[in-house]
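Report on the following structure.
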There are 2 protein chains.
Amino acid sequence: MSSSGNDMTDKLEVFDCPDGVAVIGASRDPEKLGHGILSNILTSGYQGNVYPVNPKTEEVLGLPSYPSVKDIPDALDLAVIVIPERFVPDALRECGEKGLKAVIVITAGFGETGVEGVHREQEITAIAREYGLRVIGPNCLGVIDTFCPINASFAASMPDQGNIAFMSQSGALCTAVLDLAVAEGIGFSRFVSLGNKADVDEAALLLKWKDDEHTAVVLAYIEGLPDGREFINVARQVSARKPVVALKSGTTEAGSKAVSSHTGSLAGSEHAYEAAFQKAGVIRAESLRDIFDWGLAFAYQPLLEEPYIAIVTNAGGPGILATDGLERAGLHLAQLEATTVQTLREGLPGAANVYNPIDVLGDAGADRYALALKAALEDPKVKGVIVILTPQVMTEITETATLVSDLAGQYEKPIIGCFMGEAKIRAGAEILNRNRVPNFPSPDRAVSALQAMWDYRQFLSQPQAEPDEFDANREEVQRILNEVRADGRLTLGEAEARGVIAAYGIPLPESRLARTSEEAIEIAENIGFPVALKIASPDILHKSDIGGIRLDLKNANDVRDAFDLIMYRSLKHMPDAEIWGTLVQEMVDPGKEVIVGMSHDPQFGPLILFGLGGIYVEVLKDVAFRLTPITEREAAAMINEIRAAPLLRGVRGEKRSDVKAITEIIQRVSQLVMEFPEIVELDINPLVVHNEGAIALDARLSIDQRDS
Amino acid sequence: MSSSGNDMTDKLEVFDCPDGVAVIGASRDPEKLGHGILSNILTSGYQGNVYPVNPKTEEVLGLPSYPSVKDIPDALDLAVIVIPERFVPDALRECGEKGLKAVIVITAGFGETGVEGVHREQEITAIAREYGLRVIGPNCLGVIDTFCPINASFAASMPDQGNIAFMSQSGALCTAVLDLAVAEGIGFSRFVSLGNKADVDEAALLLKWKDDEHTAVVLAYIEGLPDGREFINVARQVSARKPVVALKSGTTEAGSKAVSSHTGSLAGSEHAYEAAFQKAGVIRAESLRDIFDWGLAFAYQPLLEEPYIAIVTNAGGPGILATDGLERAGLHLAQLEATTVQTLREGLPGAANVYNPIDVLGDAGADRYALALKAALEDPKVKGVIVILTPQVMTEITETATLVSDLAGQYEKPIIGCFMGEAKIRAGAEILNRNRVPNFPSPDRAVSALQAMWDYRQFLSQPQAEPDEFDANREEVQRILNEVRADGRLTLGEAEARGVIAAYGIPLPESRLARTSEEAIEIAENIGFPVALKIASPDILHKSDIGGIRLDLKNANDVRDAFDLIMYRSLKHMPDAEIWGTLVQEMVDPGKEVIVGMSHDPQFGPLILFGLGGIYVEVLKDVAFRLTPITEREAAAMINEIRAAPLLRGVRGEKRSDVKAITEIIQRVSQLVMEFPEIVELDINPLVVHNEGAIALDARLSIDQRDS
């Protein structure tokens, strides 16, 4: 598709403003969707030609009807198909033959209904590819564009023009969102119901909206992303230009079933999505409320440059609620400059609070709000303002809304309205909204919007570094993996796993395989006492569970006893396991034990885990995840993210661990699993971190099934 | 006040429906509050006599005006005072002399304005006590009662009648809430603006509302609770009868400043409030939205008896969002009975999902909702239902609302509406609301309401056990504390602290004080090697920080070296500390180290902390708090609550710790600090827990300053 890639992207423009639209399945029956869609196109102000297609009638809504799209005498760009599912493939083929660029398939009854539907949907995808058609749907509500304008959907309402673009996998959600948006005056640029995504998906639309001058912020409701990597790549480019806010619902079980180790059981798909959004700079909303609140804040207001906020309020209680919220959100009350305090003291009554939150008192009229808000906005320490208003006896609601609106335009700082109540404040809220100051009637929502802004600001300020590239012995890794496959296995033995990670420069203690206790003693004497013995078997994953590890063996006798004991226990607990002997290993000085793991997420590929070793990962679930490739910055962030991070930095007499060494090992693991995609699971556990350096004591590694 | 206690509580009834009301400060000027309040009383449907009091006029709003309340010819119950603050005390005194039962002081300018105001407020409290008057305010909005009915406030709107009682410390918040309530049709029984709480506070109102037949649920906005213990006692009684939902704002710094140990720095007032609400069964809301959503759910619907929910929806996406929400909230999708699935399969189209969430499909009319909702409600596995509706083309919004309302009355299971959107669904939402089915337009809010219900249900099912009482040597504790005071100290030395906790039956290793290294050796030989040495000084709290602890000393030489080293280090790091010598202590077998601590919260008294010992409390902040007295059940819950709890229960080869022994020690500490309120800080750290038993290795203890 690379040769026609640009062409295919250009064709997406057709969904915004096509030159001519056919409605295949246009109907005279007002109860039918085919009627509603045609009517919507005609009443939405669309300036192009519209062609009903319906072989059973001659005229629909005053327009001549054609038996087939091929009978239309003019050239045209787009068709909307709304006919029973069994007729859709033929209709689509005719669109292709007629030379259309794009089609919206409203009809349901495809992938969502079972095997037969999946086949029908695959047919649609194939026809689209064959004719170079871009297809939205099937099983969708349609597409609305407020700039063309055109309402090519069966949604009864057309939202206001605005600079928010919205896409949703769920059509039903679109109807609820539109209903809300129309009532609250939320404006959109593009509004797309994606449906089953037989062709156009989230990534395709994102890429298009990246350069869309009418779109300042992208909102997306996402249920699943089959091509997760493509989404990340595209979303990352878009996020660098404009905020992308997503609400992700559902978590598949597939991800966690695919792997069975610690990493896998902790990873699941939820962690992968979290990591994906993080990598892509996508701001994740937790509810429908969030996504639209944040969308409005981004669309209407300049970005929050630093997390220092002033609160102006005529009510103490809500001011405290907002303050609580700011602190919980990691934002801060700005400390006002002395001159600001002076201005406030001179202008406000004696009982007013002239520090932050600035309390203009319950009897404040618009003038006091004006004075306080202006003083706050002019204070260089203040980077954003929340204006709280409760409807008290003397409150001048609309006047205050007007002056807040006026001031909002004059400073490059975000202002969020928090006019609380409903009936009385409605007129004020409408003034704010009309003037592009978002109003949220409770302090927590105002704070949440500023928090989203600050999250995005922090993403923007991250340098987009490339991951480091390390020297590695790729041939050695390939040789080991080939051998394992030749042996009919998917799980590597410890010695093999050690070989793989050693080839990528990850430090390991000296270690050799002993098949007999005499051999073990000989190796131990070579390495130097004390040593550790570990069962060597490709079938035994959790060595300590069966007592397969003996530590701190100080002499030949210790080694002989340990060897025999390990053999006895292994045979007793796992009589069918293939036993190679024991590894004799140099004892490593104690240090902090951490885990670096990797599992393969079906949507997003290699997912790396980091946590404090052993039981603290399992019990406290204190872990961080990132998707590959991992930069030095991301690796450092992972380490910082776990709650136990201060333990590594050294607290209360504990030694500082070599965090830089861990950072490098995480990056090396990332590089390894990227260069060998056949690795589906890897655990370095424990990785012992010292004051200087880190050393891997144990490693486990599995590769994927493959046709050979 | 005990003799007149009942009388004082009876007098609170006057605020609901007084027999005669005077408005002191009634005004002819429509701009004045004294006008608005009189007008509100007259137009609210109040049936009793109303008397304007204003010496400067003869008539207000058609009623004769009196120079003073004492000039009113009839007996009356209540006065509302709205005159400048300097005249308030005299007016209040006149009310007392006239024999009124209760007064609402609207006037501001008291405790909230500084020292002078505090004195004026104290005067008010004193006058109230002197005359046995109950006073609401000063600095409040007033009181509304929809059953009397009477609107004795300056709020312009009167809410609908309902069974929600609301109290708020913030008057401004009341105005916003009323505005919202009037617009959304939320009904109240009582609506009280508490103001500065010179007399009537949260606990007084709660106690009154406990038996109020018109009140099914109590909502409270709280900024501070000076008498925290009284609040807990009362709220606990009320919670046992009806839900109490509170929104607490602000956290004072006073709490965390008062104490300086680990416990103190972690405790703060936030933890104390959390523990207080938990003990009292008060359901804590995080936002204004929560408090009213939950209030409506409790007021309108029967309680959720078990956490198994069915979702009925015409849209897949919102169904998934609701499912996500349920799982995150600790609720579960009910697994439908086979007969239910059969009924759904027969009644719904083939493409419908007949499992849970039940998807009736986008083209569902009211009949399909009826069938699905009835089937869900009749399923014994289903304990509550969320009905999601998105406004699609075929959706019968008002018909569906009507049938949901009809079915809601027929089953003892909560039903929450989730009609999504705004303009189109408004009529449906109003039908639901009118029929006492709460409607929340997003799935997360519907889930949140059910979660609050389930939290409350769990509180109700807890047996209200008394704490165990343990034998203790109180005389010994008193003797030690007296000695410490006699010595001019507030901090106990380790030997003293050991003495105190030993007197309450908490196990300790054998340990004796050595003043010289020779004495240390002699004691060690008596106890038996190995031993530990610890610096003994009332001035050194963090012994390990200065190297004041040496462990595992195996012989006389070790002991001598350790003694000398500890002395050297102590003198070096803290040359001014009083040094008593070292404690020579029996070495205790290693086990899990935990902390049991206590700090004194200024509002709520002794606050007990439990956590895994040492660094994990400080770094991972993995701790649980409870207020005394602590029952066995509460102590067990504390242990279970920390994230690391599985480590104590024994996982992956770790030994099981004696949780019952910790439970008992927590209770013994609770009893100790209750019986000796002069103890303001206590830390047992570490408490070493073995497979059987637990033993305290170190204890710290401080007592309060006291006039002697």
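Assorted remarks:
- Distances between copies at B:Phe529, taken between label points 7 Å from Cα along the C-beta direction, are 2.3 nm in increasing order.
- Net charge over other residues, Cβ less than 12 angstrom from the Cβ of A:Thr340 (K, R count +1; D, E count -1): -1
- Rounded to the nearest angstrom and listed largest first, the equivalent-ellipsoid semi-axes of region A:555-608 from its Cα gyration tensor are 33, 20, 8.
- By the Cβ distance rule (another cysteine Cβ under 4.7 Å), the unpaired cysteines of chain A are A:Cys95, A:Cys140, A:Cys174, A:Cys418.
- Projecting the Cα positions of A:His271, B:Tyr504, A:Leu42 onto the charge dipole of the protein assembly as shown (unit charges on Cβ atoms of Lys, Arg, Asp and Glu, taken about the Cα centre) puts A:Leu42 furthest along the positive direction.
- Directionally averaged shadow of region B:429-475, computed from the convex hull of its alpha-carbon atoms, nm²: 6.2
- Compared with the rule-of-thumb size 2.2 N^0.38 Å for a compact globular protein, region A:124-255 has a Cα radius of gyration ratio of 1.03.
- Selection from A:Asn435, A:Phe625, A:Val673, by position along the positive dipole direction of chain A (Cβ): A:Asn435
- For chain A, share of DSSP beta bridges that run antiparallel, in % to the nearest 5: 50
- Dividing the summed helix terms, -39500 (n - 2.57) for each DSSP H run of n ≥ 4, by the number of residues in chain B produces a 222 nm estimate of -12500 deg cm²/dmol to the nearest 500.
- Beta bridges assigned by DSSP with both partners in the protein assembly as shown are antiparallel in approximately 50 percent of cases.
- Cα pair distances of region B:373-457 binned at 10 Å [whole percent]: 18, 52, 27, 3
- Hydrodynamic radius of the protein assembly as shown per Kirkwood, over alpha carbon pairs, in Å: 36.2
- Alpha carbon convex hull of region B:314-396, volume per residue in cubic angstrom: 81
- Inter-copy label distances at A:Gly547, using a point 7 Å along Cα-to-Cβ, come to 4.2 nm with the shortest given first.
- Whole-Å distance, taken between Cα centres, linking region B:128-154 and region B:644-688: 47
- Of interest is the spacing of the C-alpha centroids, which for region B:394-429 and region A:275-299 amounts to 30 Å.
- Within 10 Å of each Cβ in A:313-323, the average number of Cβ atoms from other chains: 6
- Magnitude of the charge dipole, the protein assembly as shown, Cβ model with Lys/Arg +1 and Asp/Glu -1, debye to 20: 660
- Charged neighbours of A:Thr402, selected by a Cβ distance under 13 Å, balance to -4 (K, R count +1; D, E count -1).
- Distance between region A:568-590 and region A:481-542 - C-alpha centres, whole angstrom: 10
- Region B:351-473 - percent relative contact order, Cα under 8 Å, separation 6 or more: 20
- The residue of chain B whose Cβ sits closest to the rotation axis that maps B onto A, together with that distance in whole Å, is B:Leu620, 3.
- Once backbone amide H atoms are built at 1.01 Å from N, A:Asp227 has no partners under 5 Å, excluding neighbours fewer than 5 places away on the same chain.
- Here the contact order of region B:402-548, divided by its residue count and restricted to Cα pairs under 8 Å and six or more residues apart, works out to 15 percent.
- Percentage relative contact order, chain B, counting C-alpha pairs under 8 Å, at least six apart: 8
- The chymotrypsin sites (Phe, Trp or Tyr not before Pro) of region A:443-523 include none that meets both conditions, a loop assignment by DSSP and at most 13 other Cβ atoms within 10 Å of the site Cβ.
- Alpha-carbon Rg with Dmax, taken over region B:474-586, Å: 14.2, 40
- Taken over the C-alpha atoms, region A:592-703 has Rg and Dmax values of 13.2, 44 angstrom.
- Per the Debye formula on identical point scatterers at the alpha carbon atoms of chain B, with no solvent, log10 I(q)/I(0) at q = 0.07, 0.08 Å⁻¹ is -0.65, -0.79.
- Teacher prompt: A:Ala427 distances to equivalent labels in other copies, 7 Å Cα→Cβ, nm: 2.8
- The 3J(HN,Hα) values that the Karplus relation (6.51, -1.76, 1.60; θ = phi - 60°) gives for region B:407-420 are, in residue order, 5, 4, x, 9, 10, 8, 9, x, 10, 10, x, 9, 7, 9 Hz. Gly and Pro appear as x.
- For region B:303-461, Kirkwood radius (reciprocal of mean inverse C-alpha pair distance, Å): 15.1
- Most simply put, region B:303-461 has about 5% antiparallel DSSP beta bridges, counting only bridges with both residues inside it.
- If you model region B:5-215 as an ellipsoid using its alpha carbon gyration tensor, with each semi-axis the square root of five times an eigenvalue, the axes come out at 23, 20, 17 Å, biggest first.
Computed from the coordinates by the stated procedures, all read-outs in this text should not be read as laboratory data. Just so it is clear, the structure is predicted and the values come from calculations on it, not from any experiment. With ideal geometry, Cβ positions are generated from the backbone for all residues, glycine too; neighbour counts draw on all protein chains shown.
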